[in-house]
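In what follows, a single structure is set out as C-alpha cells and then discussed.
The values are calculated or read from the model by the stated rules, or taken from the named source; none is laboratory data. Given the structure is predicted, the values throughout are model-derived calculations rather than measurements. No Cβ is skipped: glycine too gets one built from the backbone with ideal geometry, and neighbour counts run over all protein chains shown.
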Amino acid sequence: MEKNKEVARLFEKIADMLEFLGDNHYRINTYRRVAEVLSETTEDVEELVKTGKIHQIHGIGESSVEKIKEYLQTGTVSLYEELRQKVPEELLELLEVPGLGVKTLKLAYDRLKVKTKEEFIRAVRSGQLAFLPGMGEKKLHNILRGLELWEKSKERMSLLEAYGLSKSLEKHLESLRELYHNLQSAGSLRRRKETVGDVDILVSANRENWERIHKYFVSYAGVKEVLLHGETKSSIITQEGRQVDLRTVEPHQWGSALQYFTGSKEHNVRIRDIARDRGLKLSEYGLFNVDTGEWVAGRTEEEVYEMLGMEWIPPEIRENTGEIELALERKLPRLVELKDIKGDFHMHSNWSDGLNSLEEMVEACYRLGYQYMVIGDHSQSSRVANGLDPARYREQFRLIEKLREHYEPKGFHILKGCEVDILPDGSLDLPDSLLEEFDFVVASIHSRFNQDNTYRILKAMENPFVNLIGHPTGKVYQSREGYPVDMDKVLEVAKETGTALELNTPRADLSPENIKRCMELGVTVAIVTDAHAVSHLPYMELGVGLARRGWAIPELVLNTRDVNGIREFVKKKRRLLHKA
C-alpha cells in the first residue's frame, strides 16, 4: 500500500500549495479529500486503476483520477511541478506544526522573505515575527510551543503510526512464512506506549534461514536507506524517516529474546536481579545456570517468568511500578482483553466528517463480531465537521431503523448516538428533548482549549442524557497539549453521576495514570476508536492496549457489557438524576 501513501502525500502537498497561493477553497478541499480517501482505502491504488474501480470511489472525481494515472505512469503530476515553481515547498512542511497555519507562513514569506523551515524558525525565535500584523503575544507563544511539540514528534512516532508501520512490515515478511517460527513486534510498541521511538521486530527461525529473511526485510518497498544489513540484525530507515530494526533468534531463544527486547529497561533490570538472586543469568539468549552455564529456559516468556517464581506479566504493565511484586505473589489482576470487547461507542460516518457511509460503518462493525455499535456523528456547532442539526439527526434515525430490520435478527444492534458539543457555558449543543431520543450520548469539548474546562465537563456530566465524556483532557499526543482541567473533580462527579470517561485511542486520552485512578475509584471507562473511516475500527486493539497500560479491568470497561448492560447503564443514570 506504499503507492497509496505516495499519491496521498502528493495530493496533500498540492492542496497546501494551492492554499498558500490563495486558490479556491472548494478546489483545495477536493485535493485534501482525495488524499484522505487514498490514505484510508484498503485496496491498492494501482489495482483500483487497473480494474477501473477507481471511478466508483466516492470522493475521487475524474480530474483526480487522471492525475492519479499520470503519477502512476510518470512518478509525478504536471500540476505539482508547476506549483513547485511558485511556492517555497520546504516552508510548507511547517504546516505540520500545531497552531501554525498557511496565513502566518504566507505573511512571513511576503514580509520577511523566509523560504525555508530554518529561516522561519529563526524569525520566530529572534522576535522578527512579532512585528507582523496580527502577531500578538499569545499567538507567538502558541507558535513557539507548537514548534517544540513538532520537533519532539520528529524524534518519536505516535502509537498509531508505529502500529501501521509494523503491520506493513509484518505483512511484507509473511511472504517468507515457511522460513520462520514466530514473528512479533517488541519494544515500546508491544508495551503500547503512547509514542514509539523505533519499531523493533523479532523473528525466531532456524539459523540457515536468517540470511534470506534479512535480505528480504531490507527489500521492503518503503525503504529510504539501509543502515545495517546483517545476519542477526538489520536496520532500515523508511521514506517517512522512521527506523525499523529486525532481529533474528533461534526458536529455543524466542521467549527470552521477546522478554528482553520488550522491556521496559526498569522492568528488565529488576527481573535480572531476581534471576541473579536465584543463581541464574537472564539474557536475550535464555536463562542460564550461573555455576554450570547450562541453558535452563527461554522457549516462551511464560517459561522464563515461571522459572523466576512468578506468573507471566502482561507487556503493557512492564514498567517496574508494582507488577513484579504482584507477579511473585501470583496476584496480578486480569486485565481487559480484546476478546472482552462487545462494541464501540464513538465513530463517525459521512453524515458528518467521516469517510464512509453509515451503512458501511455498520457492516464493518458487524463483521468485527461486535454485538452493538454506536454511531456518534457531530452536532450542529461543529460546522467544520459538517455537524448535524435536529432535523438531520431524525433523518438519520429513520435510516438506522431500516438498518435495524436487517441486522437485529442477526443479533447485532445499532444504537442511535451523537457526539454533542459542550458549549463554552457548559450547556449542550442539542436540546434535552432530542438527547432523550438517543440510545447513547457522547459529550465533548471542541473549542477554547486554553481555558480551564472543568466547569464545562462537570455541568455536562450532570445532564441525565450524557453517558460518556469524549477525550476528557483534550490532549492529542504529539500535536496538542490538554486544556487545564481538575481531573480529581471530574473523577468524583463521574462516579457520582454514573458517567463514563472515554479512552480515545487515536488521541491516547485518557492517560495510563488517569485510567489507574478510574480503576481505584470505580469510575467506568469506555474504549473508543473515534473512527472516521472503516479502516480505523481495528484500532480497538490499540485502545485495549492503552487501557491495559492503566491496569484496566473488564468490570470497569463499558465495552465489556452486552447490549442489555449498555441500555441499563443509560437507564440507571436517567433514574439516578430523576429524569427517567
Next item on the list: State yes or no: is residue 326 of a type in the set (A, V, I, L, M, F, W, C) and under 22 Å from residue 528 (Cα atoms)?
Entry: no
Check: Looking at 65, 124, 45, which is the one that is of a type in the set (Val, Ile, Thr) and closer than 20 Å to residue 141 by Cα?
Finding: 124
Next item on the list: Would you please name the residue that is modelled with the highest pLDDT, looking only at residues in segment 446-505 that are more than 28 Å from residue 539 (Cβ to Cβ) and in contact with a Phe, Trp or Tyr (Cβ under 8 Å, 6 or more places away or on another chain)?
Entry: 452
Item checked: Residues located in segment 362-394, provided they are hydrophobic (A, V, I, L, M, F, W, C), more than 23 Å from the chain's Cα centre (by Cα) and surrounded by fewer than 18 Cβ atoms within 10 Å (Cβ to Cβ) -> 391
Margin query: Please verify whether residue 193 is basic (Lys, Arg) and surrounded by fewer than 16 Cβ atoms within 10 Å (Cβ to Cβ), treating the condition exactly as stated.
Written below: no
Checklist line | Single residue of segment 506-536 satisfying the filter (under 15 Å from residue 549 (Cα atoms) and of a type in the set (Gly, Ala, Ser)) that is modelled with the highest pLDDT | finding: 526
Check: If you check 212, 191, 247, which single one turns out to be more than 24 Å from residue 515 (Cβ to Cβ) and touching a Lys or Arg at 6+ places or on another chain (Cβ under 7 Å)?
Finding: 247
Check: Out of all the residues in segment 285-335, which are hydroxyl-bearing (Ser, Thr, Tyr) and in contact with a strand residue (DSSP E or B) (Cβ under 6 Å, 6 or more places away or on another chain)?
Finding: none
Next item on the list: Report yes if residue 352 is in contact with an Asp or Glu (Cβ under 7 Å, 6 or more places away or on another chain) and either outside the structural domain of residue 505 (by TED's automatic domain parsing) or of a type in the set (Ser, Thr, Tyr) (or both), otherwise no.
Entry: yes
Next item on the list: Consider residue 77 carefully, then state whether it is touching a helix residue (DSSP H, G or I) at 6+ places or on another chain (Cβ under 7 Å) and at pLDDT 85 or above.
Entry: yes
Check: What are the residue pairs meeting all of these: first residue in segment 280-304, first residue closer than 18 Å to residue 327 by Cβ, second residue loosely packed, with under 15 Cβ neighbours inside 10 Å and of a type in the set (A, V, I, L, M), Cβ atoms under 8 Å, and 6 or more apart or on different chains?
Finding: 280/290; 280/296; 287/296
Check: Does segment 142-184 hold any residues that are under 23 Å from residue 528 (Cα atoms) and free of Cβ contacts under 8 Å to residues at least 24 places away in the same chain, and which are they?
Finding: 164, 167
Next item on the list: Residue by residue through segment 39-52, note down the ones that are more than 15 Å from residue 355 (Cβ to Cβ) and exposed (fewer than 13 other Cβ atoms within 10 Å of the Cβ).
Entry: 47, 50, 51, 52
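A quick yes/no check of all residues on (1) at pLDDT below 85; (2) closer than 25 Å to residue 161 by Cα; (3) not assigned by TED's automatic domain parsing to the domain that holds residue 87:
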site: 15; (1), (2), (3): no, yes, no
site: 23; (1), (2), (3): no, no, no
site: 26; (1), (2), (3): yes, no, no
site: 31; (1), (2), (3): no, yes, no
site: 35; (1), (2), (3): no, yes, no
site: 41; (1), (2), (3): yes, yes, no
site: 44; (1), (2), (3): yes, yes, no
site: 53; (1), (2), (3): yes, no, no
site: 61; (1), (2), (3): no, no, no
Margin query: Would you confirm, using the coordinates I've provided, whether residue 407 is over 29 Å from residue 476 (Cα atoms), assigned by TED's automatic domain parsing to the domain that holds residue 360, at pLDDT 95 or above and hydroxyl-bearing (Ser, Thr, Tyr)?
Written below: yes
Margin query: Here's a check for you: in segment 367-393, which residue that is charged (D, E, K, R) and in contact (Cβ under 8 Å) with a residue 24 or more places away in the chain is nearest to residue 29 (Cα to Cα)?
Written below: 377
Notebook entry, point to check: Applying the selection to segment 401-433, what residues are of a type in the set (A, V, I, L, M, F, W, C), crowded, with 19+ Cβ neighbours inside 10 Å and in contact with a Lys or Arg (Cβ under 8 Å, 6 or more places away or on another chain)?
Noted result: 414, 422
Next item on the list: Hey, can you tell me all the residues within segment 148-201 that are farther than 15 Å from residue 222 by Cβ, in a helix (DSSP H, G or I) and basic (Lys, Arg)?
Entry: 152, 154, 177, 190
Margin query: I want to confirm something. Restricting to segment 554-580 and keeping residues that are over 16 Å from residue 339 (Cβ atoms) and in contact with a Gly (Cβ under 8 Å, 6 or more places away or on another chain), which single residue is surrounded by the most Cβ atoms within 10 Å (Cβ to Cβ)?
Written below: 566
Next item on the list: Would you check which residues across segment 221-269 are buried (at least 18 other Cβ atoms within 10 Å of the Cβ) and either in a strand (DSSP E or B) or among the aliphatic types (A, V, I, L, M) (or both) and list them?
Entry: 234, 235, 236, 238, 244, 245, 246, 247, 248, 249, 257, 258
